[in-house]
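The structure appears below as structure tokens.
The values are calculated or read from the model by the stated rules, or taken from the named source; none is laboratory data. All figures in this text were calculated on a predicted structure; none of them were measured in a lab. Ideal geometry is used to build each Cβ from the backbone, glycine not excepted, and the neighbour counts take in all protein chains shown. These area figures cover heavy atoms from the full protein model, side chains too; ligands, DNA and RNA do not enter into them. Shrake-Rupley method; radii C 1.70, N 1.55, O 1.52, S 1.80 Å.
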Amino acid sequence: MAEEIINSIKGQDNLRGATSFWEMVITLRPYLFQSAAAIYKVCPTSPIFKLPALASPDVQKWMREDFQAELSQLQSENSVAPILDERVTSSFIGQDMQKLCAVVSNTQTRLEQLHNILERRTSFFSPSKGFSVGTYTTRSQSLLGDAAACESSSQPTTIFPLPPTSTPATPPRRPACQSPEDHHGSYPSSDSGFRAFVSDSPQSPQVSRPRTQVDLVLPPLHAWSAPGAPLTFLPPVLGRQGVRWHDILNLVKQPDALWENYSPRLSLDGYKTVENLWALFAEGEPVVNAEGVKTGMNPPLHLLEDKFQNRWRPKNNASARKKFERFREIPDWISAQSRLRGVPHTTIIEELEQKRKDAKVGLNGLTKIVKSMREEAASARHAQFVPSESTAPCTATNSTSSGAAQDQPIKKKRRAPVDSRRPSKQQKIGSDVGLL
């Protein structure tokens with residue numbers, strides 16, 4: 001219809017605008033019907049379909065059937081590219097899968113061959129084959145006898161032929177000697193504990209980290225975990241540098257667990273001399289194994305005292321705490337006297353050792369002597385700060401007051417005037433008696 005109108009008015013004067021209008025209608029007509037078809041799909045009862053152009057049965061049939069088919073075909077044409085991409089990708093995956101299947105098949109074949117060889121060479125060890133130790137020994141001896149008989153021949157023979165030896169073109173690569181323990185900083189010991197390396201890890205991976213007799217004895221494993229936290233199976237990583245006692249003590253979370261490994265291993269008299277007892281506090285105690293070989297060192301006890309005070313001693317063991325108080329009596333006296341007198345520790349140690357020999361006692365007896373010396377020194381220091389009970393200040397005060405009295409006359413206190421309106425005390429008492 002629009003085309004017929006355009007043909008009838010096209011080229012006539014004063015109808016160019018009408019011609020342009022109908023050309024626009026023809027251009028927008030597909031969009032009108034496509035939009036109407038989309039609306040019809042969602043809301044077929046819309047009042048827009050009562051318009052003459054959309055109310056035609058042919059138009060509504062096209063919107064209901066033909067448009068849906070054409071739209072589906074158009075969408076399928078636009079999705080051709082992704083489908084092709086998926087097919088190409090699937091082809092590459094299929095090729096890779098075929099190669100992988102070939103490798104797996106080859107591996108399975110080799111494993112079956114190896115299994116057959118192993119079964120063939122170990123079948124006579126199976127009880128189901130009737131393996132007999134006697135038969136096996138007899139056959140072995142017979143083979144050895146045949147070999148001994150063949151030794152006299154010019155052509156030496158062997159029971160089991162060896163492959164020809166050949167020098168490799170390149171020398172074999174030497175495996176690395178360092179273990180994870182070298183990087184961890186600690187290693188397990190023979191007493192079910194752990195030791196920390198005091199030496200640095202070598203720069204070359206071919207050289208293992210050396211173990212020495214002065215490696216540090218580590219605390220038990222539960223000392224590394226906070227109270228209530230899960231326990232660890234290994235000590236913390238201490239690094240490749242040489243480990244020091246401060247590095248270990250800074251990582252301890254439960255100080256009371258240190259007594260288990262670091263408490264004195266002998267009685268007080270077991271250390272024999274004052275020098276040995278001082279070394280326990282200043283240098284640490286060596287740890288030996290069952291054969292008497294030195295395998296490690298415990299920390300100096302003064303480090304534990306400086307770091308944790310009394311928190312590293314057992315809380316529920318009063319005898320152990322009292323024992324340690326006796327242990328530290330002599331070392332504390334040595335340290336205090338050395339600092340007070342400004343002399344080396346060795347001087348105080350020699351004096352105490354001589355005092356022990358003169359008294360013919362052990363370290364336990366010397367502890368009592370040192371305790372009395374400490375108490376006497378404390379009493380002497382306390383007496384210096386207590387004021388004297390002499391009467392000299394009182395005498396000086398009395399003399400001063402008496403001298404002042406001689407210079408000035410003594411003033412008597414004047415009696416208060418008698419009030420005539422108030423009865424005297426005697427009169428009051430007499431009146432009270434008269435009333436009685």
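Below are the figures for this structure:
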quantity: Residue that is free of Cβ contacts under 8 Å to residues at least 60 places away in the same chain and either open to solvent by less than 70 Å² (accessible area, probe 1.4 Å) or β-branched (Val, Ile, Thr) (or both), where the choices are VAL217, VAL198; calculated: VAL198
quantity: Check on GLN337, touching a helix residue (DSSP H, G or I) at 6+ places or on another chain (Cβ under 8 Å), modelled with pLDDT of 90 or more, assigned to a helix (DSSP H, G or I) and surrounded by 10 or more Cβ atoms within 10 Å (Cβ to Cβ); calculated: yes
quantity: Selection within segment 300-334 - in a loop (DSSP other than H, G, I, E, B) and in contact with a helix residue (DSSP H, G or I) (Cβ under 9 Å, 6 or more places away or on another chain); calculated: PRO300, ARG313, PRO314, LYS315, ASN317, ARG328
quantity: Positions within segment 281-311 being charged (D, E, K, R) and surrounded by fewer than 20 Cβ atoms within 10 Å (Cβ to Cβ), in sequence order; calculated: GLU283, GLU291, LYS294, GLU305, ASP306, LYS307, ARG311
quantity: Selection count where residues are within 22 Å of HIS183 (Cβ to Cβ), out of contact with any Phe, Trp or Tyr (no Cβ under 9 Å at 6 or more places or on another chain) and open to solvent by 20 Å² or more (accessible area, probe 1.4 Å), scope segment 243-262; calculated: 5
quantity: ASN276 vs. criteria open to solvent by 60 Å² or more (accessible area, probe 1.4 Å) and at pLDDT 90 or above; calculated: yes
quantity: Among the residues listed as ARG240, ARG265, the single one being in contact with a helix residue (DSSP H, G or I) (Cβ under 9 Å, 6 or more places away or on another chain), without any contact (Cβ under 8 Å) to a residue 60 or more places away in the chain, surrounded by fewer than 18 Cβ atoms within 10 Å (Cβ to Cβ) and part of a loop (DSSP other than H, G, I, E, B); calculated: ARG240
